[in-house]
Amino acid sequence: MNATNHTVVVTGIGATTPLGGDSASTWEGLLAGRSGVGHLTEDWAAQLPVRIAARVAVEPEEVIPRPRARKMDRSAQFALIAALEAWADAGFTGKAGEEGSVAPERLGTVVASGIGGVTTLLGQYDVLRDQGVRKVSPHTVPMLMPNSPSANVGIEFNARAGVHTPVSACASGNEAIGYAVEMIRTGRADVVVAGGTEAAIHPLPIAAFANMMAMSKNNDDPQGASRPFDVDRNGFVLGEGAGIVVLESAEHAAARGARVYCEAVGQGLSADAHHIVQPEPTGRGISAALTNLLALTDLKPAEVVHVNAHATSTPQGDVAEVKALRGVFGDDVDHMAISATKSMTGHLLGGAGGIETVASVLALYHRVAPPTINVDNLDPAIDADVVLDKPRELPAGPIAALNNSFGFGGHNVVLAFRTI
Amino acid sequence: MAANTKEEILTGLAEIVNEIAGIPTEDVELDKSFTDDLDVDSLSMVEVVVAAEERFSVKIPDDDVKNLKTVGDAVSYILEHQED
């Protein structure tokens, strides 16, 4: 190992999701096969073709004091809650620069969102229209900007190595974590707080996604609506929340005696260059990301025993993903336990990579793959071993997991994690 | 509407600062600095001003806001400029 090729490990995790207000309750919900999807009961939902979503289990104002919360978009509130959990979980007691912590110049944050502060933007437009210019909040811009969650988390922990926000729709969370791994690997930082967040449950995004025919309209059966890999899947269910990890150089973690969950091996990236929203049907772009992952890291296909699939429950996307896995890994796919946790959490867009990284890390740490629910009839086009209904134990010895995320625009980001 | 007394203005400002910055109303005293003592940054100060304008029937132009460093500055300004 040289100065520009540090091993990166995961030392902290945090989440606030439709299944729970922290990573432990989220994990418990995943293993129990619980759905976080419910009816939207707001008045505005009545007019929409889609009236279901996966709201967070714990409202952020129950956690963040109101004077602080009112200056943050809901997406930043989620990110802060998950980041505070991850930071404490990593064993840090104070901000960077304080006793027992990391140097501020060696701490970064990379927190992404697919859409940013959309409810702030639309809410303040309502204020402008109904109450006039003077009543528009002076906090509007710092709340709606997509880098706001990352900046708020960076200020919270005194991170000065760099605060970044890659934006790639539903791949944003994974891209953030991949970027953070590179910051540490190349020596820019010793510790990076990274992940994804999203808070887009509002009539406008729902109307827009619904008009694209991207969302499930199973309004009569919210808990059965998100059904990745099932023959009757008919679109994604919108979720909200955040998942955050603390990434750290192996040396830094060892020096402070930190508990290590697993290694963050690296990332594989590619772009489809096909259509602005439709997945490339053969999985060509996803295959390229997987191939790049194998070429640029020391990951071996034989080690990979678990995949947290992107699998949003759309007819085309789920098939293209499995085709790509089969195309690149061949028979090695047979020993991979494939889980689609969006069947339980819904699709958190830019937050998906965050909470699914938390799930992948915990799957390796506890050696158990969470189930995929709602697969009554596995699509015969899904040529892979999907973990159905109940969690499945993962083998002993050195094992690795992949977390896939793909985004509108044709962004493909695959992350790999491995037991230590 | 009758003009507010100095005490009424202080009480009203304390409620506004409590709502915006979460500071207990009894801590909002005449000699306190908005920025240094009451956690009201320049953005939140705009919110305080807009709320005060509405509550006390007063116009506080942007150019005058920068002179309102303490709660006492704001109370005096409002006392002087309120419409009755």
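The values are calculated or read from the model by the stated rules, or taken from the named source; none is laboratory data. Predicted model only: the values in this text are computed from it and were never measured. Cβ coordinates were reconstructed from backbone atoms using ideal geometry, including for glycine residues, and neighbour counts include every protein chain displayed. Quick note on the areas: whole protein, heavy atoms, side chains included, nothing else; ligands and nucleic acids left out. Shrake-Rupley method; radii C 1.70, N 1.55, O 1.52, S 1.80 Å.
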#### Entry: Computed helical MRE - 222 nm, chain A, DSSP H runs ≥ 4 contributing -39500 (n - 2.57), nearest 500
-9500 deg cm²/dmol
### Summary
Ranked by GNM mean-square fluctuation in chain B (Cα springs under 10 Å), the top entry among B:43, B:30, B:68 is B:43
### Message
Would you report the distance distribution of C-alpha pairs in segment A:8-255 as whole percents per 10 angstrom bin, up to the bin with the largest distance?
### Response
8, 29, 34, 20, 8, 1
### Summary
Losing no less than 50 Å² of accessible area (probe 1.4 Å) relative to the isolated chain, the residues of segment B:38-63 are B:43, B:47, B:50
### Task
Would you work out what percent of the accessible area of segment A:48-108, with all protein chains in place, is carbon or sulfur (probe 1.4 Å)?
52 percent
### Query
Can you tell me the accessible area per residue over segment A:19-59, all protein chains present, probe 1.4 angstrom, in square angstrom?
45 Å²
### Query
When the convex hull of the Cα atoms of chain A is projected onto a plane and the area is averaged over all directions, what value comes out in nm²?
19.0 nm²
### Summary
The equivalent-ellipsoid semi-axes of chain B, taken as the square roots of five times the Cα gyration tensor eigenvalues and listed largest first in whole Å, are 18, 14, 11
### Message
If you fit an axis through the alpha-carbon atoms of helix B:71-81 and take the longest principal axis of the Cα set of chain B, what angle between them do you get, 0 to 90°, nearest 10?
### Response
20 degrees
### Message
Give the residue list of trypsin sites (Lys or Arg not before Pro) in segment B:10-84 that are DSSP loop and have at most 11 other beta-carbon atoms within 10 angstrom.
### Response
B:59, B:66
### Summary
Diffusion coefficient in µm²/s returned for segment A:32-74 by Stokes-Einstein, Kirkwood Rh over C-alpha pairs, 10 °C and 1.306 mPa s, is 125 µm²/s
### Summary
Ignoring ligands and nucleic acids, chains B and A bury, in total, an accessible area (1.4 Å probe) to the nearest 100 Å² of about 1000 Å²
### Query
Tell me, what HN-Hα J-couplings in whole Hz come from the Karplus equation 6.51 cos²θ - 1.76 cosθ + 1.60 at θ = phi - 60° for each residue of segment A:50-65, using x for Gly and Pro?
10, 10, 10, 6, 10, 6, 4, 6, 10, 5, x, 5, 6, 10, 9, x
### Message
Less than 20 Å from a label point 7 Å out along the Cα-to-Cβ axis of residue A:129: which backbone N atoms in segment A:41-73 qualify, by residue?
### Response
A:42-50
### Task
With springs connecting C-alpha atoms under 10 Å apart, model chain A as a Gaussian network and identify which of A:172, A:270, A:313 has the largest mean-square fluctuation.
A:270
### DSSP bridge pairs, segment A:266-418: antiparallel proportion in percent, nearest 5
65 percent
### Summary
Computed over segment A:107-218, the convex hull of the Cα set has an average projected area, in nm², of 8.6 nm²
### Message
Please compute, for the alpha-carbon atoms of segment A:266-418, the extent along each of the three principal axes and give them in descending order in Å.
### Response
41, 37, 29
### Cα-based reach from residue A:71 at 19 Å (exclusive), listing lysines while leaving out same-chain residues under 8 positions away
A:135
